[in-house]
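**Student:** Starting off with a structure, shown below.
The values are calculated or read from the model by the stated rules, or taken from the named source; none is laboratory data. Everything quoted here is computed from the prediction, not taken from an experiment. Cβ placement follows ideal geometry from the backbone for every residue including glycine, while neighbour counts extend to all protein chains displayed. Ligands, DNA and RNA are stripped out before the accessible areas are found, and what is left, the full protein with its side chains, is counted by its heavy atoms. Shrake-Rupley method; radii C 1.70, N 1.55, O 1.52, S 1.80 Å.
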Amino acid sequence: MSGLVLRLAGPLQSWGERSAFTPERDTAPFPTRSALIGMFAAAEGIGREDGGLDRYDDLRLTVRVDRPGVRLTDYHTVGGGLPKARTAATSGGSNKGAAVITRRHYLSDAVFVVAVCGPEPTVTRLATALRRPHWTPYLGRRSCVPDEPFVLRYHADDPEQELLTRIPLSRSTPTRGSDNTVAVQFLREHPPSGAPAPSADTIDVNDVPVSFSQHARGHGVRRLYRTVEQLPQDLTGPQHTLLRRLIDYAQTEDTA
C-alpha cells in the first residue's frame, strides 16, 4: 500500500489523551491517531465543526519510535493578578475572577517517524494539502513547532518498508543488537508480518476521532501492536550528519 512519510521532531511535543479540559493536561508517549487526523484535516482546511472525518478512515498509521523523549511538566497560569473582567471566561458567561492553573505535560527531544498508508487518491490529496497547508501543522499543541524536514516523502510505494530499511534513525546512543542491527520500537495498527513475525504486545487506546466539535468531541478505541524490531545499524550515524542524511533521503526519488 502506498503512502507518505512524516518525521515528528521538535523541542517539545504533546499528544493529549483527554478531550475535556482538566487541570492536568497529559500527553501520550507517542503521536495519537486523533492528533494526526486533526493535522491532516487542518492542512486540508477542514474546521472543527465541519465533520467529514470518515474521509480518513482508510488510512493506516505505523509509528517508528526513534527517540521516546523525556517527560516535562509546565506549571501554567492564565489570568492571575487581573481584574475579574479580564480573567478567563466561564461557560455561564461570567469570568472566573482568579488565575486558571494547569500542569501541561510534554515530551522533550522526542522523534517519531510515521508511515501513512492509504488508497492512492487519499494519499495524493493529503500530499497536496501538506505541501501548502491551510492551517500550519504542529506537534499536538500550537506552541510545538515541528523541525524540518517534516515530510520525508510525499509518495512512497511502501512507506512501512521505508521505516525498516531506508530512513535514517535519529539516535544519539543506539541500543545495538546482534548481527549489526539496532533495536527500535514500533507501534502498528495491524499485526506484524514477516518471517518470522516479531512478537507484539497489544494495547487499546481511545484516540480514534469521531468528532472534533468544540461541544461534542468524541473518540473511539483502536488496538495497537507494539513491537521491538532489529533495523540495519547503518541507518544510524554521527548526530552532526543527521540533518544532511535526512535531507538527502527526502530529496531522493522513490525507486522502491
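**Student:** Regarding Ser172, is this residue within 17 Å of the chain's Cα centre (by Cα), at pLDDT below 95 and under 18 Å from Val111 (Cα atoms)?
**Tutor:** no
**Student:** How many residues does the stretch 1-36 hold that are touching a strand residue (DSSP E or B) at 6+ places or on another chain (Cβ under 7 Å), open to solvent by less than 10 Å² (accessible area, probe 1.4 Å) and small (Gly, Ala, Ser)?
**Tutor:** Counting residues in the stretch 1-36 that are touching a strand residue (DSSP E or B) at 6+ places or on another chain (Cβ under 7 Å), open to solvent by less than 10 Å² (accessible area, probe 1.4 Å) and small (Gly, Ala, Ser) gives 3.
**Student:** Please determine, by comparing only the residues of the stretch 135-148 that are charged (D, E, K, R) and surrounded by fewer than 15 Cβ atoms within 10 Å (Cβ to Cβ), which one is nearest to Ile46 (Cα to Cα).
**Tutor:** Filtering first and then ranking leaves Arg142.
**Student:** Is it the case, given these coordinates, that Val63 is closer than 23 Å to Pro191 by Cα and either over 13 Å from the mean Cα position of the chain (by Cα) or touching a residue at least 24 places away in the same chain (Cβ under 8 Å) (or both)?
**Tutor:** yes
**Student:** Within the stretch 189-198, can one find any residue that is modelled with pLDDT under 95, outside any strand (DSSP E or B) and open to solvent by less than 30 Å² (accessible area, probe 1.4 Å)?
**Tutor:** Yes; the residues of the stretch 189-198 include at least one that is modelled with pLDDT under 95, outside any strand (DSSP E or B) and open to solvent by less than 30 Å² (accessible area, probe 1.4 Å).
**Student:** Would you pick out the residues in the stretch 37-80 that are open to solvent by 10 Å² or more (accessible area, probe 1.4 Å), in a strand (DSSP E or B) and not aliphatic (A, V, I, L, M)?
**Tutor:** Once the filter is applied, which keeps residues that are open to solvent by 10 Å² or more (accessible area, probe 1.4 Å), in a strand (DSSP E or B) and not aliphatic (A, V, I, L, M), the stretch 37-80 yields Arg60, Arg67, Arg71, Thr73, Asp74, Tyr75, His76, Thr77.
**Student:** Give the residue, chosen from Val151, Val208, that is at pLDDT 95 or above, touching a helix residue (DSSP H, G or I) at 6+ places or on another chain (Cβ under 7 Å), under 30 Å from Arg131 (Cβ atoms) and crowded, with 17+ Cβ neighbours inside 10 Å.
**Tutor:** Val151
**Student:** For the stretch 215-251, what are the residues that are charged (D, E, K, R) and open to solvent by 40 Å² or more (accessible area, probe 1.4 Å)?
**Tutor:** Arg217, Arg223, Arg226, Asp234, Arg244, Arg245, Asp248, listed by residue number.
**Student:** When residues of the stretch 99-118 are filtered for being open to solvent by less than 50 Å² (accessible area, probe 1.4 Å) and either more than 18 Å from the chain's Cα centre (by Cα) or hydrophobic (A, V, I, L, M, F, W, C) (or both), how many remain?
**Tutor:** Qualifying residue count, the stretch 99-118: 12.
**Student:** May I pose another question? Looking only at the stretch 120-134, count how many residues are under 17 Å from Gly45 (Cα atoms) and in contact (Cβ under 8 Å) with a residue 60 or more places away in the chain.
**Tutor:** Residues meeting the conditions: 9.
**Student:** Sort out which residues of the stretch 81-96 are farther than 18 Å from Thr22 by Cα and in a loop (DSSP other than H, G, I, E, B), and write them in order of number.
**Tutor:** Within the stretch 81-96, Gly81, Leu82, Pro83, Gly93, Ser94 qualify.
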